[in-house]
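Take a look at the structure below.
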There are 2 protein chains.
Amino acid sequence: MALIVHKYGGTSMGSTERIRNVAKRVAKWVRAGHQMVVVPSAMSGETNRLLGLAKELAPSKPGDAYYRELDQLASTGEQVSVGLLAIALQTEGIDAVSYCGWQVPIRTNSAYTKARIESIDDRRIRADLAAGKVVIITGFQGVDAGGNITTLGRGGSDTSAVAVAAAIKADECLIYTDVDGVYTTDPRVVPEARRLERISFEEMLEMASMGSKVLQIRSVEFAGKYRVPIRVLSSFTPWDIPIDEEARSGTLITFEEGESMEQAVVSGIAFNRDEAKVSVLGVPDKPGIAAQILGAVADANIDVDVIIQNVGKDGRTDFSFTVHRNDLARALDVLKTQVVPALGATDVVGDARICKVSVVGIGMRSHVGVASRMFRCLAAEGINIQMISTSEIKISVVIDEKYMELAVRALHREFDLDQPTDTLQGA
Amino acid sequence: MALIVHKYGGTSMGSTERIRNVAKRVAKWVRAGHQMVVVPSAMSGETNRLLGLAKELAPSKPGDAYYRELDQLASTGEQVSVGLLAIALQTEGIDAVSYCGWQVPIRTNSAYTKARIESIDDRRIRADLAAGKVVIITGFQGVDAGGNITTLGRGGSDTSAVAVAAAIKADECLIYTDVDGVYTTDPRVVPEARRLERISFEEMLEMASMGSKVLQIRSVEFAGKYRVPIRVLSSFTPWDIPIDEEARSGTLITFEEGESMEQAVVSGIAFNRDEAKVSVLGVPDKPGIAAQILGAVADANIDVDVIIQNVGKDGRTDFSFTVHRNDLARALDVLKTQVVPALGATDVVGDARICKVSVVGIGMRSHVGVASRMFRCLAAEGINIQMISTSEIKISVVIDEKYMELAVRALHREFDLDQPTDTLQGA
């Protein structure tokens with residue numbers, strides 16, 4: 001008997017017929033003797049419907065009071081899901097009870113529409129599990145210290161599921177999704193992409209943050225912090241496949257580093273075209289300029305990803321970074337009106353037609369030459385590199401977006417990712 | 001400056017366009033200097049949609065666990081409404097905040113789908129009002145001592161509004177609805193029916209319980225208990241009519257008896273064809289039979305309305321009462337299987353083709369002869385009376401349902417209800 005958390009996305013919850021199938025799948029796990037907690041998302045389309053209604057009425061300058069109401073509104077989508085799933089389980093003859101975030105409670109900070117989980121009280125959950133019930137908990141939402149409903153932002157249900165799994169020390173958190181696992185890269189770009197049986201938590205973190213949309217990045221961070229084993233698997237398999245088969249399907253995100261990726265230097269290629277490049281040109285080359293530039297950008301609530309500062313020349317240097325494309329106009333405005341005059345810089349330029357391509361792999365730590373192999377591969381394809389950023393387990397380059405698919409395919413081939421390699425477990 | 005509660009029904013909240021109009025109307029009251037609390041229902045159709053989803057998944061033998069989930073589900077309808085209305089008010093430049101039942105909290109017992117309000121904490125509401133905010137509170141729902149969401153049953157939003165008004169000692173509770181007040185009888189039956197400017201709380205209680213569907217009866221009981229003045233008025237008037245005109249429109253349900261109905265002996269004719277008649281025949285005429293018969297019916301959770309026991313003959317008597325038509329079959333079953341054998345009664349008969357017609361009026365207390373005038377009027381129309389039940393302020397008769405409209409029209413004319421009489425306030 002294990003303590004298991006299941007997370008189901010909006011597609012799995014998209015109709016009463018599908019909810020019935022989720023209930024049958026959960027019931028199968030219960031009958032196999034497991035203690036079950038289930039975290040479903042809102043029925044597909046529901047969150048968008050609710051936010052659409054709000055948008056029709058929204059003030060032109062929305063403030064905190066508005067975002068509070070958005071969360072009040074949007075959180076109902078998951079509340080409907082948990083109620084329906086509890087009912088469907090009861091109809092399967094399984095004792096089930098549903099809770100909203102505030103009922104657990106799942107405590108968050110007060111950052112409406114993008115709150116962060118601070119703590120989860122496991123007492124109510126444990127009591128119900130001990131009483132033989134399946135506990136169904138809303139994803140995506142929580143409650144702040146003032147008793148206001150908060151939501152975790154898009155994809156937050158993954159985070160909820162992992163956080164609940166951490167709080168109750170679950171043996172595994174199974175994320176049922178519309179892909180059957182984590183791939184070496186996006187199969188829509190590289191048809192030869194392979195599903196990984198296992199991936200280390202750190203690699204997954206890089207893959208998720210690079211735009212591999214399988215899991216929300218915060219859920220992976222949470223899993224890392226609390227060492228929750230996550231399995232990403234398909235919700236499209238029939239509910240009645242043998243449970244042993246289901247329990248071994250998908251991709252396990254693991255913390256047992258040694259076992260997993262020893263032989264593969266690179267485990268995946270991630271890419272992302274959501275970013276734009278900003279360069280502040282002719283910045284006086286003196287201490288404190290990075291803080292001044294990025295401070296102004298952070299004050300405007302704009303997240304920065306890759307940051308590059310080159311060696312200066314003639315007392316001047318160029319300073320570049322990437323931001324989300326949606327923030328480009330605002331970033332340029334902040335820089336032009338505040339930073340350039342204050343610093344005495346020459347100019348600011350932005351470019352949205354870029355993409356970021358990364359090779360990710362724990363194996364890089366002990367294998368030299370991955371970077372040069374990557375750069376040589378791109379050069380052979382005639383692709384110019386605009387920015388480079390490295391960490392212990394990934395190398396990212398920023399290139400012209402028109403070369404994105406070409407670069408991903410070339411790198412996938414270069415690092416032999418279409419060849420099965422993770423057979424080292426003897427499985 | 002007054003402290004005012006507005007209640008809006010599902011039709012008023014039926015679309016973002018209508019919600020915008022509700023916001024404009026509330027904003028008008030705020031700008032006139034009033035402190036405002038608003039209790040909206042779910043958007044029309046929403047509660048049915050949610051319960052429909054539940055029904056598709058429901059177990060064949062629903063128990064308490066199921067009804068708990070129904071409330072979890074159904075309560076989201078009002079949660080969406082309050083969020084949207086708060087946003088619409090913010091867009092009007094009005095500071096507004098919304099609360100679910102559990103956030104206030106509105107404490108209820110644990111009778112899922114038909115809970116009763118036990119207490120309302122007014123601290124959060126008062127603090128927000130003092131800070132100049134409009135407070136928007138979900139109708140229809142509350143929270144029990146265990147932190148479970150409960151709902152008050154159909155029409156419960158009226159009760160919520162009146163209960164909130166009582167808790168904060170509001171000056172008036174305005175119920176915006178799809179009729180423009182309380183009428184002497186249903187205008188669909190008697191076109192000459194007139195709107196009453198005022199009606200006493202006790203008369204309203206009789207009118208509401210008799211099937212005048214303007215207000216949920218429990219809300220009227222609540223208003224009586226806490227002496228909350230209620231005004232029933234139309235939500236179809238344009239939002240921008242002068243506030244003085246709006247504040248005097250509709251029907252005021254008042255506690256200042258003296259002022260209101262002095263001259264009118266009868267203020268209205270109520271009627272109802274939701275009931276069925278049950279007669280237990282040949283009951284031994286001895287002490288305790290009423291308790292035995294009605295005890296068995298009450299144990300089966302069936303509400304009884306009119307009860308008649310006639311003088312006995314030869315040691316036997318007949319005992320009749322009315323129940324809701326939906327309960328007739330069950331009541332007959334209980335009586336046949338349990339009561340008749342135990343009592344040694346002769347038989348049980350039921351009749352669903354009846355209706356109840358009542359004349360209601362505080363004035364009856366001091367005017368003799370209302371009953372005989374009523375019976376004479378019905379006799380003149382050839383209508384046979386099957387049962388009679390009286391109270392200080394109403395006389396009800398049970399008659400064949402085919403005579404209902406005829407009886408109502410005749411009585412409306414008989415008591416001069418088509419003539420304006422309540423001009424005594426000099427208005």
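The values are calculated or read from the model by the stated rules, or taken from the named source; none is laboratory data. Not measured: the values here are computed from a predicted model. So basically every Cβ, Gly included, is an ideal-geometry build from the backbone, and we count neighbours across all protein chains shown. Note: accessible area is taken over every heavy atom of the protein model, side chains too, but ligands, DNA and RNA are not part of it. Shrake-Rupley method; radii C 1.70, N 1.55, O 1.52, S 1.80 Å.
Round to a whole number: what % of the accessible area of segment B:261-418 belongs to carbon and sulfur, probe 1.4 Å? Accessible surface attributable to carbon and sulfur in segment B:261-418 totals 46 percent.
Accessible surface for the protein assembly as shown, divided over its residues, is 41 Å² per residue with a 1.4 Å probe. Averaged over the residues of peptide A:185-197, the number of Cβ atoms from other protein chains lying within 10 Å of each residue's Cβ is 0. Between A:Glu392 and B:Asn384, the simple label model (points 7 Å from Cα in the Cβ direction) yields a spacing of 9.6 nm.
Here's how it looks for B:Val38: its modeled amide H is under 5 Å from those of B:His6, B:Val135, B:Ile136, B:Ile137, which are all 5 or more places away or on a different chain.
For segment A:3-258, the fraction of 1.4 Å probe accessible surface lying on carbon and sulfur atoms is 49 percent.
Segment A:3-258: percent of C-alpha pairs farther apart than 22 Å? The share of Cα pairs beyond 22 Å in segment A:3-258 comes to 53 percent. The relative contact order of segment A:3-258, computed from alpha carbon pairs under 8 Å that lie at least 6 residues apart in sequence, is 21 percent. Share of Cα-Cα pairs in segment A:1-57 beyond 14 Å, in percent? That fraction is 60 percent.
Comment: the Cα-to-Cβ extended label point of A:Ile308, at 7 Å, lies 9.5 nm from its counterparts in the other copies, nearest first. For segment B:1-135, the relative contact order works out to 25 percent when only alpha carbon pairs closer than 8 Å and six or more residues apart are counted.
Treating each Cα of segment A:197-255 as one equal point scatterer and applying the Debye formula with no solvent, the log10 of I(q)/I(0) at q = 0.15, 0.25 Å⁻¹ comes out as -0.46, -0.99. Relative to the dominant Cα principal axis of chain A, helix A:46-57 is inclined by about 60°. Using the Cβ-Cβ distance between A:Arg227 and A:Leu51 with R0 set to 35 Å, the FRET efficiency from 1/(1 + (r/R0)^6) comes to roughly 0.55. Kirkwood hydrodynamic radius of the protein assembly as shown from all distinct Cα pairs, in Å? One over the average 1/r among Cα pairs gives 31.5 Å for the protein assembly as shown.
Remark on chain B: Rg and Dmax equal 23.4, 77 Å (Cα only). Peptide B:97-109 shows a mean partner chain C-beta count of 3 within 10 Å per residue C-beta. Taking every DSSP beta bridge that has both ends in chain B, the antiparallel portion is near 65%.
Peptides A:218-225, B:17-24 ordered by packing proxy, namely the average of other Cβ atoms within 10 Å per residue, highest first: A:218-225, B:17-24. Computed from Cα positions, the angle between helix B:156-167 and the longest principal axis of chain B comes to roughly 70 degrees.
Placing a label point 7 Å from Cα along the Cα-to-Cβ axis, B:Gly147 is separated from the same position in the other copies by 1.4 nm, shortest listed first. How far, in degrees from 0 to 90, does helix B:64-74 lean away from the longest principal axis of the Cα atoms of chain B, to the nearest 10? It works out to around 40 degrees. 3J(HN,Hα) along segment A:401-409: 5, 5, 8, 4, 4, 4, 5, 4, 5 Hz, from the Karplus curve 6.51 cos²θ - 1.76 cosθ + 1.60 with θ = phi - 60°, whole Hz, x for Gly and Pro. For B:Leu3, the point set 7 Å out from Cα toward Cβ sits 4.7 nm from its twins in the other copies, listed from shortest up.
For the residues of B:136-149, the average number of beta carbons from a partner chain within 10 Å of their own beta carbon is 2. Normalised by the number of residues in chain B, the average gap of Cα pairs under 8 Å and 6 or more apart makes the relative contact order 14 percent. Helix content alone sets the calculated 222 nm mean residue ellipticity of the protein assembly as shown: runs of n ≥ 4 DSSP H residues at -39500 (n - 2.57) each, divided across all residues, give -10000 deg cm²/dmol. In this entry, segment A:289-393 is assigned a mean projected area of 8.4 nm², taken as a quarter of its C-alpha convex hull surface.
Here the peptides A:4-10, A:378-384, A:140-146, A:290-296 are ranked by packing, the mean other Cβ count within 10 Å, and the order with the highest first is A:4-10, A:140-146, A:290-296, A:378-384. Of all DSSP beta bridges confined to the protein assembly as shown, the antiparallel ones make up roughly 65%. When DSSP beta bridges are restricted to pairs lying wholly in segment A:2-135, around 25% turn out antiparallel. The A-B contact accounts for approximately 3500 Å² of buried accessible area, totalled over both chains at a 1.4 Å probe radius. Convex hull of alpha carbon positions in segment A:244-336: directionally averaged projected area 10.2 nm².
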